[in-house]
Structures are given as C-alpha cells and as structure tokens.
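One structure below.
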Amino acid sequence: MDRRYRKAIIAANWKMNINPSEAKKLTTAMLKCSSAKDTSVVLCVPAIDLTIVKRVLRQSRIAVGGQNCHYEDTGAFTGEVSAQMLYDAGAKYVIIGHSERRSMFGETDEIVRKKVAAAIRAGLRPIICVGETEEQREMGITEEQIRIQVKSAVYGLDADDFRKVVFAYEPVWAIGTGKTATPEDANEVCKAIRACLREKYGARPSRGTSILYGGSMNEENAPALLAMPHIDGGLIGGASLKPEAFAAIVAATK
Ligand code: PGA
C-alpha cells in the first residue's frame, strides 16, 4: 500500500457466523488488535450482533460495520435492515455487493449501485466488493468485468460522496476456497480499479481511495499481499473468526 496517500483498512467479515451470545467473547478477543494509527480495523458483523459488538468496542479504535443493507431508507420491506438502522446501531461501514449476495441473492450491479447510494445517504462508508469468476478469468475478461462493476457501483456519485467509498477486490474463485490470487495478480486488478476511478474522479481522489483485497487472506499470505503498492488492506472472512490470525493480519499492515 502507498502510505503517503491512503490508510490501510483491515475489515473482518464474520458472514452468517457468531450468535449474539457468542459475540461478546469473540469481540473481546479482538480488542488486542491494537492497530497502528494509520490502520483502520473494522468488524463487519451480523446485524443482530451489532449492538453487542459496538458496546464491547466502545473504548477502542476498532469500528463496526454491517454486511448488507436495503437500498430504501425505511418502509414496508419485511425482514430487511436499512443503512440508517445500521448507522443508528453504531456502524461506520457496510459491505455492499459481496459476491455471495450477488450470486445467491440476485444482487445485480443496479441493486449494488442503489445500496451504495443508500449507505452514503445514511452516513456509512460502503465497502464495495467486485471480482471475477474463475470462468471470466480463464476467458481473459477479468478487467472488463471489474470495470463494469466498478463503474456501475459509483454511477451518479459526486466527488464528495466518492471520498467515503472503499473498494474490495475479491476474486470469486478465491473466497472461502483456500486459493489466493498471487500478490502480483491481485495488485494488477487493484491498479485497474484505481485507473477506472481515475478516469471518472481524477488523479487525487483515486489515489486516496482504499482498495482492499479479499479471498482466503490469512496470516501467512497477508504480508506479501499488503506489500503491493495498490493493495491497501484486506477483507477477511474465515481468518477473521480466529483472533490470533486476525491480529497477525492487522500487524502485517505496519
Ligand atoms: P475468505 O472470505 O477470507 O473466507 O475467503 C473473504 C470474503 O468473503 O470477504
């Protein structure tokens, strides 16, 4: 990562793990992830755990986030959680467009765009996930796929709103599989994301945007990935449920 322009962000994605009755213990164990001043640590937790996690973290610099939100602010959407609700419960971030949501819950680029806008309206920082499938990588259309996802996610965002955006490059084939992109390949795609943002927002804003890598990041591969100039942090699934491993990844940003 290039420390001159951007802050490192290490975000945990607990996914649909950790019941409210378990959240306090895991969060307390996470408190030892004391981070460098220029690294932000975020725990993106199930919505029902948010209040408990927030309470444990209140004296710490670790932030909390949601994993999804609805694109409307309020209304008759049984079972949904709005960005405003996440914000009100203490969240600072929300993951938007994770590949599990795109592939299993039918989230299109259009829905992702609307959710990004809702998150920003509510005062949250969206962590926008983009990534290619294994088939798309084999076909050689990784960059085309990423450009479509990136451009549609920020479509309509002005320069002010754009400053709140964080991206996560998550190759679909690397999520939860134990396969990781090589640091060089991951860096190439993060660089392409930045180039795409530069076309729309110009050099300075794109240089200041944090772009994370996600997909089987762990304490062993994190140092090499985080050493790449365009990778500014990580979105961590499996390893974020293990406090020691997660702390080691945070430490690798220093
Ligand atoms: P993983 O998940 O680290 O378990 O691959 C990452 C993610 O899905 O955000």
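The values are calculated or read from the model by the stated rules, or taken from the named source; none is laboratory data. Quick caveat, the model's predicted, so the values are computed rather than measured. When we count neighbours, we look across all protein chains shown, and the Cβ atoms used for this are built from the backbone with ideal geometry, even at glycine. Each accessible area value is taken on the protein alone, full model and side chains, heavy atoms only, with ligands, DNA and RNA left out. Shrake-Rupley method; radii C 1.70, N 1.55, O 1.52, S 1.80 Å.
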Criterion: closer than 18 Å to Gly233 by Cα and either in a helix (DSSP H, G or I) or of a type outside the set (A, V, I, L, M, F, W, C) (or both) - qualifying residue of Arg101, Arg6, Arg55: Arg6
Tabulated pairs, the range 142-164, first within 16 Å of Ser206 (Cβ to Cβ), second of a type in the set (Ser, Thr, Tyr) and buried (at least 17 other Cβ atoms within 10 Å of the Cβ), C-beta under 7 angstrom, 6+ apart or interchain: Ala159/Tyr201; Phe162/Tyr201
Scan of the range 170-220 for residues that are away from the ligand (no atom under 15 Å from the Cβ), closer than 22 Å to Ala245 by Cβ and touching a helix residue (DSSP H, G or I) at 6+ places or on another chain (Cβ under 6 Å), ordered by number: Pro183
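Residue by residue, here is whether (1) more than 16 Å from the ligand (Cβ to nearest atom); (2) touching an Asp or Glu at 6+ places or on another chain (Cβ under 9 Å); (3) aromatic (Phe, Trp, Tyr); (4) on the phi < 0 side of the Ramachandran plot holds:
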| residue | (1), (2), (3), (4) |
| --- | --- |
| Asp49 | yes, yes, no, yes |
| Phe77 | yes, no, yes, yes |
| Val81 | yes, no, no, yes |
| Met85 | yes, no, no, yes |
| Tyr93 | no, no, yes, yes |
| Arg102 | no, yes, no, yes |
| Leu124 | yes, no, no, yes |
Check on Ala248, within 16 Å of the ligand (Cβ to nearest atom), under 16 Å from Arg3 (Cα atoms), assigned to a helix (DSSP H, G or I) and open to solvent by 10 Å² or more (accessible area, probe 1.4 Å): no
Of residues in the range 118-161 being in a helix (DSSP H, G or I) and of a type in the set (Gly, Ala, Ser), the one most open to solvent (accessible area, probe 1.4 Å): Ala159
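Let's see how each residue does on (1) open to solvent by less than 40 Å² (accessible area, probe 1.4 Å); (2) at pLDDT below 95:
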| residue | (1), (2) |
| --- | --- |
| Lys179 | no, yes |
| Pro183 | yes, no |
| Ala192 | yes, no |
| Arg198 | no, no |
| Gly202 | yes, no |
| Pro205 | no, no |
| Ala227 | no, no |
| Gly237 | yes, no |
| Ser240 | yes, no |
Selected residue (only one of Leu86, Leu57 is open to solvent by less than 20 Å² (accessible area, probe 1.4 Å) and over 20 Å from Ala245 (Cα atoms)): Leu86
Test: residue in the range 181-201 that is under 28 Å from Lys32 (Cα atoms) and either not small (Gly, Ala, Ser) or not in a helix (DSSP H, G or I) (or both): yes
Sole exception among (1) without any contact (Cβ under 8 Å) to a residue 40 or more places away in the chain; (2) under 19 Å from the mean Cα position of the chain (by Cα); (3) closer than 30 Å to Ala248 by Cβ for Ala23, by number: (2)
Matching option when the condition is under 15 Å from the mean Cα position of the chain (by Cα), open to solvent by 40 Å² or more (accessible area, probe 1.4 Å) and modelled with pLDDT under 95, among Lys7, Lys32, Lys15: Lys7
Among (1) polar (S, T, N, Q); (2) in contact with a strand residue (DSSP E or B) (Cβ under 6 Å, 6 or more places away or on another chain); (3) within 12 Å of the ligand (Cβ to nearest atom); (4) part of a loop (DSSP other than H, G, I, E, B), the one test that Thr253 misses: (3)
